[in-house]
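Step one of this worksheet: look at the structure below.
Taken together, the values in this text are just the output of simple stated rules run on the coordinates, not laboratory data. Owing to the predicted nature of the structure, the values given are computational and were not obtained by experimental measurement. Neighbour counts run over all protein chains shown; Cβ positions are idealised from the backbone, glycine included.
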Amino acid sequence: MKCAKLKMPIIILLVSLYVGHALADDIVADDIVVDADSVSQYVLSCRKPNGAFGPRDQEYTDAAWNYPAVQTLTLLNKSIENREAVLKHGLGFPTGHGGYGHWLFFHQQMTRKLLKQASSLKGKEVKLVQQGYKAIYYGSPFGSDSNLMFQANQKMLAEHIDRATQLQYYNLSSLYYLLAAVDAAGMRVSNADDLVAFINARQSANGGFVDVRVEDGKPTDREAHIAHTFHAVSSLGLLSSDVPNSVRCEQFIHSCQQATGAFRWNGAEGLPGNYSDIYYTWAAIRSLDELKRKPNMADQCVDWINSLQNADGGFGDQPSWRSRLYSTYYATDALGVLCTDAKTGIKSKRLGRPGVEIIKDDEFKVFQGLHNMPVCTVAELAELRRRKFNLIALKSSDFAVATTLLKSIRATQQPLDVVLCPESYSHRLRRHGGVTLDHVANFTLDANWSEEQRAKWQAADLQGPNRLLWKDYQQKVIGPAQQLGSLVYPEHEFEMEYGYSAYDDGVYKKNGYNAVLAGFNWEPHDFVRVFPWRERYVDKLTPIADADAHGDLK
């Protein structure tokens, strides 16, 4: 099928214009006082006409945004009007995509409990079974059948839950999400001893917990992670089991705290993506609370969390980052644990409210691009221009293909550019816990590179299939590609914790991913809805939508 006959929906290069946010340091309209009431107002500003909650700048109201919204308002003792609307419109997920299934199950059951919806599952007994060690593209409590993910809908999942006698997990986070959801629904676990053994086997010598993902893997101190320690400690609490080596576990958590009062994911230096973050800080505070302890520098921690509050009333993930519902929940809940209650912990503060600079009509332009598209011919360029494309990124690493198209474009002076955008299927990398990941490497390549530059890219590409450790993959593959000007992004990072460390290093220009796949040619097209943690990067990294071509598109 020729490109000129494409019948697929047009996928464009996403362009995020956070004008007001970006200009906050330069243009200040006036000062504004924010406090705990401002947090409630921020959350309520994310409520949509259907009565459920969603990202402030989007229309959808999936479960991943309703849980943190409802939880935050509950912590602030704010009544939620029209709860039925949240239950009706706020427990869903993208059509045809179950996505991050364990987190979805958690969000649904926790939100129902918060809104006091009677559970039809109360008293039901289930066995929680490990799926195995293979990294699954779309994890689900109900198995790994692809049809379950790609044909998923609310009725189907409800039926699975009703008749399930066992639910599946594959790591510490998925086990925690299941246990919390099962508890919220009033269900009972039949094999608690097996689960306690699974968790305890993942404690490292320093007391922290490691998300061991290979059968013969052993937990190491440098892979101990504050988030997985939270998953482990909280899961043991739900199973009414003591935390082993609790003193060492407490010491590990304290070691992750920085002089600012914030927490990183590990206390050691030189680890990938190891930055102070509200997620890690919340995980540390919640873990210590489970151990009946407080942070060593509690006052500094309270101050640091308060520094994350923005003029819109919400909290960001890191200093100067924009507000999100989940980061706002983490901050509110953490302050509630550290202080008398959440409202007491959120201090009144005066902030500069960012102004807005109006872009004149004659200065505003939209440039459209199609990434990871099939290779096209010179004859098809006219149709692409008729569709108002300005950039085409071909799913190929053949520089000659792009050079031929560029010669024609320049000869006819068309406002169009061509780059290569291969998906390097052979690339593999290993993350903490020993797991090997695929679907990890998409690159943009400039057809105007010199022979020397092309050789540098090819040398980096040859390292990709060697199953390098993530830090080595960063140094030997991502770093050289980015020095040439490439955008590098994965199709999938598989876990939120993997994603945070990989993307954070991109934000801080330390050989992490410098682009994020936010749109796709599969339903639901908006891939942030499938992997909600990507929301925090759409204004930090280059957001990309690609066609993910596999042969010709029809």
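Cβ crowding within 10 Å ranks Glu363, Glu497, Glu491 as Glu363, Glu491, Glu497, fewest other Cβ atoms first.
Using alpha carbons only, how many degrees (0 to 90, rounded to 10) separate the axis of helix 101-114 from the longest principal axis of the chain? Tilt of helix 101-114: around 50 degrees.
In the chain, the calculated helix contribution to ellipticity at 222 nm averages -10500 deg cm²/dmol per residue, counting -39,500 (n - 2.57) for every DSSP H run with n ≥ 4. When the alpha carbon gyration tensor of the range 430-493 is reduced to an equivalent ellipsoid, the three semi-axes, largest first, read 23, 12, 9 Å. Mean separation of Cα pairs under 8 Å and 6 or more residues apart, divided by the residue count, gives the range 215-363 a relative contact order of 18 percent.
Taking K and R as +1 and D and E as -1, what net charge do the other residues with C-beta under 13 Å from the C-beta of Thr165 add up to?
+2
Take 30-38, 298-306 and order them by the average number of nearby Cβ atoms within 10 Å per residue, most first; the result is 298-306, 30-38. Rg over Rh for the range 436-541 works out to 0.97, both radii taken from alpha-carbon positions and Rh defined as the Kirkwood radius. Contact order for the chain, expressed relative to its length and based on alpha carbon pairs under 8 Å spaced 6+ residues apart, stands at 18 percent.
Which of the three applies to the range 505-554, rounded, prolate or oblate, going by the alpha-carbon gyration tensor with a ≥ b ≥ c and a/c under 1.5 meaning rounded?
Taking the square roots of the gyration eigenvalues as a ≥ b ≥ c, the range 505-554 is oblate.
Assign one of three labels to the range 249-306, namely rounded, prolate or oblate, based on the Cα gyration tensor with a ≥ b ≥ c the square roots of its eigenvalues; rounded applies when a/c is under 1.5, prolate when it is not and a/b is larger than b/c, and oblate otherwise. It is oblate, given that a/c is not under 1.5 and a/b is not larger than b/c. Per-peptide packing, taken as the mean over residues of other Cβ atoms within 10 Å, places 289-296, 414-421, 271-278 in the sequence 271-278, 414-421, 289-296 from highest down.
Relative to one another, the C-alpha centroids of the range 491-554 and the range 393-433 are positioned 18 Å apart. Within the chain, antiparallel bridges make up roughly 45 percent of the DSSP beta bridges whose residues both belong there.
Among Lys407/Lys509; Lys456/Lys509; Lys395/Lys509; Lys134/Lys476; Lys294/Lys347; Lys113/Lys218, which pairs are too far apart, with a Cα-Cα distance over 31 Å?
Pairs exceeding 31 Å: Lys407/Lys509; Lys113/Lys218.
Write down, largest first, the equivalent ellipsoid semi-axes of the chain in whole Å, where each equals the square root of 5 times an eigenvalue of the alpha-carbon gyration tensor.
Numbers: eigenvalues 300, 153, 124 Å².
Value: 39, 28, 25 Å, ordered largest first.
Quantify how much of the Cα-Cα distance distribution of the range 282-394 extends past 15 Å, in percent. That tail contains 73 percent of the Cα-Cα pairs. Taking the Cα atoms only, what angle lies between the long axis of helix 226-238 and the longest principal axis of the chain, rounded to 10 degrees? Compared with the principal axis, the helix lies near 40 degrees. Toward the positive end of the charge dipole of the chain, with +1 on the Cβ of Lys and Arg and -1 on the Cβ of Asp and Glu, the farthest Cα among Gly464, Ser240, Val440 is that of Ser240. Pairs over the 22 Å Cα-Cα cut-off, from the set Lys292/Lys349; Lys78/Lys122; Lys365/Lys388; Lys88/Lys155: Lys292/Lys349; Lys78/Lys122. Ordered by the number of other Cβ atoms lying within 10 Å of each residue's own Cβ, fewest first, Lys509, Lys218, Lys471 fall into the sequence Lys509, Lys218, Lys471. Convex hull of alpha carbon positions in the range 146-254: directionally averaged projected area 8.0 nm².
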